[in-house]
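Okay, so here's the structure we're looking at.
All of the numbers you see were taken from the coordinates with simple rules; none came from a lab. Given the structure is predicted, the values throughout are model-derived calculations rather than measurements. Glycine also receives a Cβ, built like all others from the backbone with ideal geometry; neighbour counts cover every protein chain displayed.
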Amino acid sequence: MNQTLQAVIFDLDGVITDTAEYHFQAWKAIAEELNIPFTREFNEHLKGVSRIDSLKLLLGQANPPRAYSAAEMDELADRKNKLYVELIAGITPADLLPGIDVFLSELREAGIKTGIASASKNAPAVLRSLGVTSRFDTVVDVTRLKNNKPDPEIFVTAAASLGVEPGACIGVEDAVSGIDAIKAAGMFAVAIGSGSQFPKADAVLPSTAELNYRELAQRFAETRR
Ligand code: B16
Ligand code: MG
């Protein structure tokens, strides 16, 4: 195949910055109000999942089960988002996760394109607060997509808007649904987290501080020979 690396496409929450923690706190507040148990372990299933689907998963934990109308669900989803927006109001460039600033510079210097494939409707605002909007060549508009991760649509769309084949891309994710989406798109998948969580990833790094252009380009090339 002999394909060279042309683009790196990033998830946002949990990869560029730790907004995953704020999503957790906002959902926890809603769950407590509804008397639904909500643990960090359960929260792992919500990573990369859209707002309304996250709410459905959360309500599915209610014991005894209870039906919610569409209007009640919209109200709960809106309220969760308001809590989340309050929590992210204080984000500054200091909230970039370790190694991201340097990694983005390495990619620019090497002429590698960059993109954001986040399921979050708040992604553009978070990128602005972090001061990194101009460091990405594309940010996928999630409101125009039909399918959520683990469907590959968001990563395929990012590659298309960069004018690059999916096979020439690396995708970086912190969620299992995101790694599944990257692999289904035909990209090289880098997971941030613990190895046992991501059996399908091509590389697993314990932290974003380990992201290194040369090493990843080499590992990418080995799989594309
Ligand atoms: P919003 P990512 C995802 O972002 C989060 O992981 C997930 O927890 C959240 O529910 C989803 O965005 C939607 O976010 O409510 O802000 O539209 O990880 O794909 O960057
Ligand atoms: Mg994420």
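Below is a table of values for the structure above.
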| item | result |
| --- | --- |
| GNM result for the chain, Cα springs below 10 Å: residue of Asn147, Asn43, Asn81 fluctuating most strongly | Asn147 |
| Kirkwood Rh in Å, taken over all unlike Cα pairs in the chain | 18.0 Å |
| Added length on full extension, which subtracts the Cα-Cα distance from 0.36 nm per residue, Ala110 to Glu72 | 8.7 nm |
| For the stretch 1-50 and the stretch 164-188, distance of Cα centres in Å | 16 Å |
| Coil-residue trypsin sites (Lys or Arg not before Pro) of the stretch 36-70, DSSP, other Cβ within 10 Å capped at 10 | Arg66 |
| Simple Cβ-charge dipole of the chain, Lys/Arg +1 and Asp/Glu -1, about Cα centre, in debye nearest 20 | 360 debye |
| Relative contact order of the stretch 1-81, pairs being alpha-carbon contacts under 8 Å that are 6 or more residues apart, as % | 28 percent |
| Calculated FRET efficiency for the pair Ala221/Thr143, C-beta based, R₀ 35 Å, to 0.05 | 0.45 |
| Relative contact order (%) - the chain, alpha-carbon pairs under 8 angstrom, separation at least six | 28 percent |
| Over the stretch 94-186, relative contact order from alpha-carbon pairs under 8 Å, at least 6 apart, % | 25 percent |
| Where Rh is the Kirkwood radius over Cα pairs, Rg/Rh for the stretch 19-89 | 0.93 |
| 3J(HN,Hα) from dihedral phi, the stretch 26-39, Karplus parametrisation 6.51/-1.76/1.60, rounded to Hz, x for glycine, proline | 5, 5, 4, 4, 5, 4, 5, 4, 8, 6, 9, x, 9, 10 |
| Computed lengthening from Ala94 to Leu57, 0.36 nm per intervening residue step minus Cα-Cα distance | 10.1 nm |
| Low-density loop cleavage sites - trypsin sites (Lys or Arg not before Pro) in the stretch 77-183, where at most 13 other Cβ are within 10 Å (DSSP) | Lys121, Lys146 |
| In order through the stretch 81-89: 3J(HN,Hα) via Karplus (6.51 cos²θ - 1.76 cosθ + 1.60), integer Hz, x for Gly, Pro | 5, 4, 4, 4, 4, 5, 5, 8, 4 |
| Computed lengthening from Arg40 to Lys200, 0.36 nm per intervening residue step minus Cα-Cα distance | 55.4 nm |
